[in-house]
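Below: the structure, in structure tokens.
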Amino acid sequence: MISNQILQNTIEGLKGITRIDFCVMDTDGKSLASTFAEQENYEEEVVPFVESPADSQVVQGYQFFKIFDEHQLEYVLLANGGSDDVYMVGKIAAFQIQNLLIAYKERFDKDNFIKNLLLDNLLLVDIYNRAKKLHIDTEVRRVIFIIETKQEKDSNALDNVRNLIGNRAKVFVTAVDEKNIIIVRELEPGDGHAELDKEAHNLYNLLVEDGEEDVLIAYGTIVNDIKEVSKSYKEAKLALDVGKIFFGERNVIAYSTLGIGRLIYQLPIPLCKMFIREIFEGKSPDDFDEETLTTINKFFENNLNVSETSRQLYIHRNTLVYRLDKLQKSTGLDLRVFEDAITFKIALMVVRYMKYMESMEY
């Protein structure tokens, strides 16, 4: 079904060319889109016209036209005037709207196919058969982008994203829930991670300039066959979730850059709690004071370099050594030793993961 906004834009464009007023109604005579200054009720004229065998009719100075979708009456178009010229323009307008119906039905069929493809709801044989019927290439490189914003999504949000990225044949925009917009993107042979990252950042900038808030974009890995599109979608979804936990400062997150966070995210919570108990002996990194946490984070940022860390913290080297010694006594882990540093870093990430999962339960 065509949205009322599309119908409104169409008849306003036709009026701008022909200077003839139009009104698109459903089969009960209810106005869906109109260029008339004042809305009128045409139910008394429309109902008999719908029941009649005629495809067009002149009633009280108005031309009425039937618009079908595969032999099913979908709309009634009214054109203001009873002359032959108005009849001709009305036929053109009805033809235009009927073509829109065909185009949107094809988009709807493709949209359903893509949704089921993303959600793994299709058998392998159905994937290739339906792709062939819908004229969708099966052996091209594709990647999935997921856009999450503060606002819940509707059909207008989808159309907005389509307009922002342009009507490109190799891009398909859809949604499987009210939270995220999904872009299925065909790639050129030479496109790689650098091109994907650039496109994601460009899309982020477009959305922000358009007024969207709290935009987050994630994308999966490149797949070579249509049956693997759901794999890239699952990766993009995982990147979206993992990015919120471990990479809160990023607006664009690639699945390939998640690192160890991808593994931690898949750990069961009971196992995480057991690990933290073993490492910190019943304590938690949350128990550390702010000075200690700042020291730890800065030490990791500088790849365990004592001199650079002390310089950036504006403290004497010996002061930093004293803090690290104090931390070693309380945890048994010496961050200057690579193996202990790795253990401590993983423990901090596990705690962050547990806190995030706990917050999602409320």
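The values are calculated or read from the model by the stated rules, or taken from the named source; none is laboratory data. All values derive from a computational prediction rather than experimental measurement. Note: ideal-geometry Cβ built from the backbone for every residue, glycine included; neighbour counts use all protein chains shown. Keep in mind that these areas ignore ligands, DNA and RNA; they rest on the heavy atoms of the full protein, side chains included. Shrake-Rupley method; radii C 1.70, N 1.55, O 1.52, S 1.80 Å.
Every condition in (1) within 37 Å of the chain's Cα centre (by Cα); (2) open to solvent by 80 Å² or more (accessible area, probe 1.4 Å); (3) free of Cβ contacts under 8 Å to residues at least 60 places away in the same chain is met by Asp85 except one, and the failing one is (1). Within the stretch 189-212, if we keep just the residues that are out of contact with any Lys or Arg (no Cβ under 8 Å at 6 or more places or on another chain) and of a type in the set (Asp, Glu), the residue that is most open to solvent (accessible area, probe 1.4 Å) turns out to be Glu209. Applying the criterion of being assigned to a loop (DSSP other than H, G, I, E, B) and open to solvent by less than 70 Å² (accessible area, probe 1.4 Å) to the residues of the stretch 306-362, the residue that is farthest from Arg277 (Cα to Cα) is Ile315. Of all the residues in the stretch 93-124, those that are among the hydrophobic types (A, V, I, L, M, F, W, C), in contact with a helix residue (DSSP H, G or I) (Cβ under 9 Å, 6 or more places away or on another chain) and surrounded by 13 or more Cβ atoms within 10 Å (Cβ to Cβ) number 8. For the stretch 227-245, give me each residue that is among the aliphatic types (A, V, I, L, M) and open to solvent by 20 Å² or more (accessible area, probe 1.4 Å). Leu238 - this is the single residue of the stretch 227-245 that is among the aliphatic types (A, V, I, L, M) and open to solvent by 20 Å² or more (accessible area, probe 1.4 Å). Scanning the stretch 286-299 for residues that are touching a helix residue (DSSP H, G or I) at 6+ places or on another chain (Cβ under 6 Å) and of a type in the set (Phe, Trp, Tyr) yields a single hit, Phe299.
Note on the stretch 246-263: among residues that are within 19 Å of the chain's Cα centre (by Cα) and in contact (Cβ under 8 Å) with a residue 60 or more places away in the chain, the one that is surrounded by the most Cβ atoms within 10 Å (Cβ to Cβ) is Ala254.
For the stretch 58-82, filtered to residues that are within 26 Å of Gly16 (Cβ to Cβ) and among the polar types (S, T, N, Q), the residue that is surrounded by the most Cβ atoms within 10 Å (Cβ to Cβ) is Gln63.
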